[in-house]
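A.B. asks: Got a structure here, written out as structure tokens. Questions coming.
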Amino acid sequence: MTLILLGIALVLMVTITAGLVRIVIGPTPSDRMMAAQLLGTSGIGVLLLLAPVVAVPALIDVALVFALLAAIAITAFTRRRVVEEVAADEAETSDHRGRDQEIGQGNERMSKGATP
């Protein structure tokens with residue numbers, strides 16, 4: 001049974017390695033956050049698998065704390081992304097308004113005979 005648990009823990013460690021690669025080369029912040037979630041989930045799994053193998057029940061408590069932290073991290077990331085998207089939309093809207101005002105002023109100058 002111990003060898004089976006260690007084998008599964010090894011597979012999870014390989015997924016952690018893949019997650020580290022995705023964090024480094026992830027093209028978008030969302031990819032990086034999903035990879036960080038993979039690291040957290042796999043790390044929790046490894047801790048839960050190793051707790052009976054090394055006979056340290058405190059590892060289960062550590063895994064539970066990591067699970068809570070992972071939930072808080074994804075909530076914070078999601079809220080941050082929403083705020084960034086709203087700010088980007090507002091910036092884009094104000095940029096269009098500024099261009100519309102410049103075009104309107106240019107049209108007024110042209111109608112008065114002035115050069116833009």
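A.B. asks: Of everything in the stretch 22-38, what is free of Cβ contacts under 8 Å to residues at least 12 places away in the same chain and either of a type in the set (Gly, Ala, Ser) or closer than 24 Å to residue 71 by Cβ (or both)? Give them in sequence order.
C.D. replies: The answer is 26, 28, 31, 32.
A.B. asks: Residue 92 - would you say it is at pLDDT below 80, part of a helix (DSSP H, G or I) and more than 32 Å from the chain's Cα centre (by Cα)?
C.D. replies: Working: at pLDDT below 80: yes; part of a helix (DSSP H, G or I): yes; more than 32 Å from the chain's Cα centre (by Cα): no.
Taking the combined requirement at face value, the residue does not satisfy it.
A.B. asks: Something else now. Listed residues 78, 41; which is touching a residue at least 12 places away in the same chain (Cβ under 8 Å), in a helix (DSSP H, G or I) and among the hydroxyl-bearing types (Ser, Thr, Tyr)? Step through it out loud before you land on a result.
C.D. replies: Details: 78 fails: touching a residue at least 12 places away in the same chain (Cβ under 8 Å).
So the residue among 78, 41 that is touching a residue at least 12 places away in the same chain (Cβ under 8 Å), in a helix (DSSP H, G or I) and among the hydroxyl-bearing types (Ser, Thr, Tyr) is 41.
A.B. asks: Just for the stretch 1-20: of the residues that are touching a residue at least 12 places away in the same chain (Cβ under 8 Å) and more than 20 Å from residue 53 (Cβ to Cβ), which one is farthest from the chain's Cα centre (by Cα)?
C.D. replies: At the first step, the residues of the stretch 1-20 found to be touching a residue at least 12 places away in the same chain (Cβ under 8 Å) are 2, 5-6, 8-9, 12-13, 15-16, 18-20.
Those still in the list that are more than 20 Å from residue 53 (Cβ to Cβ) too: 18-20.
Details: 18: 16, 19: 12, 20: 13 Å.
Checked the stretch 1-20; the qualifying residue farthest from the chain's Cα centre (by Cα) is 18.
A.B. asks: Quick one: would you say residue 72 is in a helix (DSSP H, G or I) and modelled with pLDDT of 75 or more? Give the derivation first.
C.D. replies: Numbers: in a helix (DSSP H, G or I): yes; modelled with pLDDT of 75 or more: yes.
The answer is yes for residue 72.
A.B. asks: Whether any residue in the stretch 48-55 is without any contact (Cβ under 8 Å) to a residue 24 or more places away in the chain, in a helix (DSSP H, G or I) and out of contact with any helix residue (DSSP H, G or I) (no Cβ under 6 Å at 6 or more places or on another chain) is what I want to check.
C.D. replies: From the stretch 48-55, those without any contact (Cβ under 8 Å) to a residue 24 or more places away in the chain are 48, 51, 54-55; that's our starting set.
Filter again for in a helix (DSSP H, G or I), leaving 48, 51, 54.
Pick out the ones that are also out of contact with any helix residue (DSSP H, G or I) (no Cβ under 6 Å at 6 or more places or on another chain) and you get 54.
Yes, because at least one residue in the stretch 48-55 is without any contact (Cβ under 8 Å) to a residue 24 or more places away in the chain, in a helix (DSSP H, G or I) and out of contact with any helix residue (DSSP H, G or I) (no Cβ under 6 Å at 6 or more places or on another chain).
The values are calculated or read from the model by the stated rules, or taken from the named source; none is laboratory data. Worth saying up front: this structure is predicted, and the values here are computed from it rather than measured. Glycine gets a Cβ as well: all are built from the backbone with ideal geometry, and neighbour counts include every protein chain shown.
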